Amino acid sequence: MGCTASDVIAALRAAAVVMAEHRDELVNLDRAIGDADHGENMRRGFTALLSKLDSSPPETPGAALKLLATTLISTVGGAAGPLYGTAFLRAATAVGDLAELDGAAVAKALHAALDGVVARGKAEVGDKTMVDALVPAVSAAEAAGGEVDAVLKAAADAAASGAESTVPLVARKGRASYLGERSAGHLDPGARSTSLLLRSFADSARVAR
Amino acid sequence: MRPVEEPKVGLVIVSHSEMLASGIAELATQMAPQVDVEAVGGTPDGGLGTDYDSVCAALVSADSGAGVVVLYDLGSAKMTAEMAVESADDPARFALVDAPVVEGAVAAAVASQGGAHLRDVAAAAVGASGEAPVQAAPARPALHLVTDPLSVEIELTNDVGLHARPAALLARTVAELDADVLVRYRDSEANAASVLALMGLGAPGGESVEVIATGKDAREAVRRIEELAERGFDD
Ligand SMILES: [Mg+2]
């Protein structure tokens, strides 16, 4: 079975809770190697989404993803706004006006999201950014096949280890790159939030099934 | 009948900080009073960051028909500005330039004030070297040791002094010569090859500057600058 607009909306609501719960963790990760705003920015963006979901509930999965994208773009304030905004816009475009997403559509949306992040931020694997979580997630999602929950679980598992892999890296993009060698030894906050979001989406898909 | 003023290329400065954006805009408009320089910085709640909607609004208000050059400070300001430009009705009217934000803004504003078109204003920003006038150091630069420097005092008889156009004229005058030329005003020196450095001296009309030239064409350089000054820089 596929994933309808109301499934996507439920997943986004759950993700908003996760972002609020992990606000301090992300702030602290960003404080170590950045400007300490990532957790608050993500919380603010997803909180703004909640009220928009209430006032004008999207009618397709694509419309829900697009609403998330535009909300993040106009409320996040840090690099996560344009990056996640572009990611979810591309994902929305990839799914078009499908009424229901199957596993293949979700994998395709994830790939489009990755392409958007790379186009916007110009980062590569190894730069210590969300790309380090997203690239393995997309590969795993495409390799997994099957239903939405299986695709998202594979993506979330790979994103988690991808995020962990940023710890020893020296940042080559973003604010952390100004720290040079001193950025090594810390988990990248953007890779961590990507991993948290994918885990949350995977949990929602499992529950929906 | 006076000729109708051509619209000038506008500028948008996107910074993480409202104070920084405003400061840069203030600096740039000082040298280009007729150019619309919009400062956008910070988040709506007064924090550090960039706000997409404010950038979109600034793009619209800076565009008086001749297009807009957009400068930014750090990475996410660039991404936010990119997205705002992409979502504009006509993205081709906006040039997002990778330039040193302070020097680029000043150079772009001056170019726009002089009537340059969008592409040239953008090029002025990108070409802003960031070369500031050097403080006169106790040890004179090595170039003075090569030959005996020629040094003359020149009075700036024009109203505006070494402002944008006179500075550009001066730089152009010596560019083709085989000479190193320094212009000194009070405690600052500028390489005469750099328009921006000359403007940075802030030498106003009625004041005098010292021109110090070395190299094969030193004499010719001094002669040309004297002639330029006598003509009041054609102002
Ligand atoms: Mg940050």
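The values are calculated or read from the model by the stated rules, or taken from the named source; none is laboratory data. Predicted model, so just to flag it, every value in this text is computed and none were measured. As a convention, Cβ positions derive from the backbone with ideal geometry for all residues, glycine included, and neighbour counts pool all protein chains shown.
So for region A:54-64 (the condition being modelled with pLDDT of 95 or more and within 14 Å of chain B (Cβ to nearest Cβ)), does at least one residue qualify? No. Scan region A:71-84 and tell me whether some residue there is within 14 Å of chain B (Cβ to nearest Cβ), more than 15 Å from the chain's Cα centre (by Cα) and closer than 17 Å to A:LEU197 by Cα. Checked against the condition, which is being within 14 Å of chain B (Cβ to nearest Cβ), more than 15 Å from the chain's Cα centre (by Cα) and closer than 17 Å to A:LEU197 by Cα, region A:71-84 yields no hits at all.
Listed here are the helices (runs of 4 or more DSSP H) enclosed by region B:1-89 that have at least 3 residues being more than 12 Å from chain A (Cβ to nearest Cβ) and surrounded by fewer than 18 Cβ atoms within 10 Å (Cβ to Cβ): B:18-31.
The rows are residues; the columns are (1) farther than 19 Å from B:MET19 by Cα; (2) at pLDDT 95 or above.
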residue: B:GLY67; (1), (2): yes, yes
residue: B:THR80; (1), (2): no, yes
residue: B:GLU86; (1), (2): yes, no
residue: B:ARG93; (1), (2): yes, yes
residue: B:PRO100; (1), (2): no, no
residue: B:ALA107; (1), (2): yes, no
residue: B:VAL110; (1), (2): yes, no
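Considering only region A:23-45, state which residues are farther than 16 Å from A:HIS186 by Cβ and in contact (Cβ under 8 Å) with a residue 60 or more places away in the chain. Of everything in region A:23-45, just one residue is farther than 16 Å from A:HIS186 by Cβ and in contact (Cβ under 8 Å) with a residue 60 or more places away in the chain, namely A:MET42.
Number of residues in region B:148-167 that are touching a helix residue (DSSP H, G or I) at 6+ places or on another chain (Cβ under 8 Å), modelled with pLDDT of 80 or more and farther than 22 Å from B:VAL121 by Cβ: the value is 7.
Restricting A:ASP54, A:ASP35 to residues that are surrounded by fewer than 22 Cβ atoms within 10 Å (Cβ to Cβ) and either part of a helix (DSSP H, G or I) or in contact with a Pro (Cβ under 9 Å, 6 or more places away or on another chain) (or both) narrows the list to A:ASP54.
Looking only at residues in region A:136-166 that are within 17 Å of A:ALA191 (Cβ to Cβ) and not small (Gly, Ala, Ser), the one that is surrounded by the fewest Cβ atoms within 10 Å (Cβ to Cβ) is A:GLU164. Checking A:ALA48, A:ALA94 one by one, the residue that is closer than 23 Å to A:ARG206 by Cβ, away from the ligand (no atom under 16 Å from the Cβ) and without any contact (Cβ under 8 Å) to a residue 40 or more places away in the chain is A:ALA94 and no other. Looking only at residues in region A:72-91 that are assigned to a helix (DSSP H, G or I), of a type in the set (A, V, I, L, M) and within 12 Å of the ligand (Cβ to nearest atom), the one that is nearest to A:GLY116 (Cα to Cα) is A:LEU83. Among the residues of region B:168-190, is there at least one that is at pLDDT below 80, assigned to a loop (DSSP other than H, G, I, E, B), over 16 Å from B:MET31 (Cβ atoms) and within 22 Å of the chain's Cα centre (by Cα)? Within region B:168-190, one or more residues are at pLDDT below 80, assigned to a loop (DSSP other than H, G, I, E, B), over 16 Å from B:MET31 (Cβ atoms) and within 22 Å of the chain's Cα centre (by Cα).
The set of residues in region B:143-167 being of a type in the set (S, T, N, Q) and outside any loop (DSSP other than H, G, I, E, B) consists of B:SER151 alone.
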